[in-house]
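The values are calculated or read from the model by the stated rules, or taken from the named source; none is laboratory data. Remember, it's a predicted structure, so these values are computed and weren't measured experimentally. Neighbour counts are summed over all protein chains in view; Cβ atoms, including those assigned to glycine, are modelled from backbone coordinates with ideal geometry.
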Amino acid sequence: MTSKKSGPTVAYVSLGSNCEAADRMLAEASERLGGLPGLRIAAASPVYSTEPQDYVAQPWFLNQVLKLELEACWRPRALVAALLEQEALMGRMRDPALRFGPRVIDLDLLLFGEERCDWPDCTLPHPRLLQRAFVLVPLLDVAPGLRVGGLPLAEALRRLPYRLCDGKIFQ
């Protein structure tokens, strides 16, 4: 655990949806998160249309990253619990047999200040953060100088096979 510092903690959350109303779902998720006490949305990336990974027989996703400023009352596990609660309230039903399948909304905690943890319910940094162009592209929009484990995110993105064209991320 890291020591406390003054000022808000900065966290980053990835939003994704590939339902018919994906744009509305991202907007609703942002609105819901912005309404949580002690949490302020400091920046929002553009929305990208992204090619599905892992399970490709599904519609393309819309993805976005939010930069959050959190008061001291927030801890990583509490934020993950709040994200999961918002997913459920928005109609997300998890199917363990189709882990990377279609979803109404997906809210993933990517980073929480300098926190590092590996708990069953919360791993920071997000374990697949550096492997996903659909996360790194919008994350760099809101945090261009960010590093994870000493690695600049821009360098991590350069190492991935992807193509960005007219707001679409091909992987």
Handout entry: Positions within segment 73-111 being in contact (Cβ under 8 Å) with a residue 12 or more places away in the chain, more than 25 Å from LEU153 (Cβ to Cβ) and touching a Gly at 6+ places or on another chain (Cβ under 8 Å), in sequence order
Key = CYS73, VAL104
Fill in the blank from the handout: Of the residues in segment 1-55, those that are without any contact (Cβ under 8 Å) to a residue 12 or more places away in the chain and under 19 Å from VAL137 (Cβ atoms) come to none
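Confirm whether LEU139 is touching a helix residue (DSSP H, G or I) at 6+ places or on another chain (Cβ under 8 Å), assigned to a helix (DSSP H, G or I) and crowded, with 18+ Cβ neighbours inside 10 Å.
yes
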Exercise for the section: Scan LEU26, LEU33 and give me the residue that is assigned to a helix (DSSP H, G or I) and touching a Ser or Thr at 6+ places or on another chain (Cβ under 9 Å). Expected result: LEU26
Handout entry: Scope segment 84-104; condition under 17 Å from ARG132 (Cβ atoms) and surrounded by 18 or more Cβ atoms within 10 Å (Cβ to Cβ); matching residues
Key = ARG103
Completion exercise
Counting only residues that are buried (at least 20 other Cβ atoms within 10 Å of the Cβ) and either charged (D, E, K, R) or under 23 Å from SER49 (Cα atoms) (or both), segment 118-136 contains a total of 7
Exercise for the section: Scan GLY7, GLY16 and give me the residue that is outside any loop (DSSP other than H, G, I, E, B) and touching a strand residue (DSSP E or B) at 6+ places or on another chain (Cβ under 9 Å). Expected result: GLY16
Problem - Leading residue by the ranking (modelled with the lowest pLDDT) among those in segment 56-69 that are of a type outside the set (A, V, I, L, M) and over 17 Å from VAL137 (Cα atoms) - result: GLN58
